[in-house]
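Working notes for the structure below.
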Amino acid sequence: MADTQTTMTGPVNLPLPLPPPDPVPGCDVCAALVRQRQAARQRGDLSAATDADVEIRSHPHRRPRHGRTHMPSHPKP
């Protein structure tokens, strides 16, 4: 007969969720993602709202240079 564990293991400790990210001012992609996040929250779709947060955090931005703080929508050749 196989040994079967009949007791519970210790609790799982999870960190608190991250606060929603702030969009980069002047970034059209961030602005669109913020609108998507707001719409998702309004319809109660917290999964889609979290997806928008992840996209805002992970979408590339250039370091400030010549007054620009975001990646252009259409990079110039």
Specify, per residue and in Å³, the volume enclosed by the convex hull of the alpha carbon atoms belonging to region 1-61.
155
Using the Karplus curve 6.51 cos²θ - 1.76 cosθ + 1.60 with θ = phi - 60°, work out ³J(HN,Hα) for each residue of region 26-31 in order, rounded to whole Hz, and write x for Gly and Pro.
x, 8, 5, 5, 4, 4
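All of the numbers you see were taken from the coordinates with simple rules; none came from a lab. Quantities reported herein were computed from a predicted structural model and do not represent experimental measurements.
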